[in-house]
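Let me begin by presenting the structure, written as structure tokens, before commenting on it.
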Amino acid sequence: MLHILLLFSFLLSSSPAAAKDFCVADFKATQGLAGYQCKVPEEVVVDDFVYSGLNVAGNFSDISKSTINTSFVDQFPGLNGLGLSMARLDLSLGGVIPMHSHPGSSEVLLVTQGSIIAGFISSNNIVYTKTLKKGDIMVFPKGLLHFQVNSGPVPALLWSSFNSSNPGLQVLSNALFSNNLPSELIEKVTFLDELEVKRLKALFGGSG
């Protein structure tokens, strides 16, 4: 019996799954469809597992009066393969995080300052909204359109966690108006008139 236990222990310790505790992203290697390759273990350092980029707010947008500072695998190599990431969201007075989605992840949002109105729209067009205050948490299911609006008298500070190291981000207004999608097509698929499409294209920097 002892021999069997020893053999089992050896097989576990020598298996790839047991030997590889992590897969720190190698930014120097070619990135494939499956993501980053693993850094050579001998080159891994403690700073690969530490990220200080969320200690300050990002650059505020004049349009939305908000900023999103992310800690995804592209910035934080230690997240690679772990299915985790975070973001810091700062909203000035009247600021908004516009309607957007994360194609690769669900999101848990924590309010640590101020109060906001947050919500999401289900795939059968049911709207779920709630006023959140300091300490409140809300979850946004994977891939669904959602938003946050500062509804309080002070700036709001929010923290998001994701169950993916690269959750992706698509902002609806940018997807429609910040690129070269022809205005005639936008008018047809959104039922907006020509003048409004041109106004929004100019606001978001689009062309066509």
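The values are calculated or read from the model by the stated rules, or taken from the named source; none is laboratory data. For clarity, every value in this text was computed on a predicted model and none was experimentally measured. We place every Cβ from the backbone using ideal geometry, glycine too, and count neighbours over all the protein chains shown. Please note that ligands, DNA and RNA were not included when accessible areas were found on the heavy atoms of the full protein model with its side chains. Shrake-Rupley method; radii C 1.70, N 1.55, O 1.52, S 1.80 Å.
Just a few scattered comments:
- Inter-residue pairs, beta-carbon under 9 Å, first more than 10 Å from Leu200 (Cβ to Cβ) and in the range 173-188, second open to solvent by 50 Å² or more (accessible area, probe 1.4 Å) and assigned to a helix (DSSP H, G or I), 6+ apart: Asn174/Phe204; Asn179/Phe204; Glu184/Glu194; Glu187/Glu194; Glu187/Glu196
- Scanning the range 87-138 for residues that are in a strand (DSSP E or B), of a type in the set (S, T, N, Q) and open to solvent by 60 Å² or more (accessible area, probe 1.4 Å) yields Gln113, Thr129, Thr131.
- Filtered residue count, the range 22-43, keeping only those that are more than 13 Å from Pro77 (Cα to Cα) and hydrophobic (A, V, I, L, M, F, W, C): 2
- Every residue from the range 88-142 that is among the acidic types (Asp, Glu) and in contact (Cβ under 8 Å) with a residue 40 or more places away in the chain: Asp90, Glu107
- Residues of the range 189-208 satisfying the condition of being free of Cβ contacts under 8 Å to residues at least 12 places away in the same chain and not in a helix (DSSP H, G or I): Phe191, Leu192, Asp193
- A residue that is of a type in the set (A, V, I, L, M), at pLDDT 95 or above and more than 21 Å from Asn166 (Cβ to Cβ) occurs nowhere in the range 70-85.
- Hey, Ser160 in a loop (DSSP other than H, G, I, E, B), at pLDDT 95 or above, hydroxyl-bearing (Ser, Thr, Tyr) and assigned by TED's automatic domain parsing to the domain that holds Gly94 or not: no
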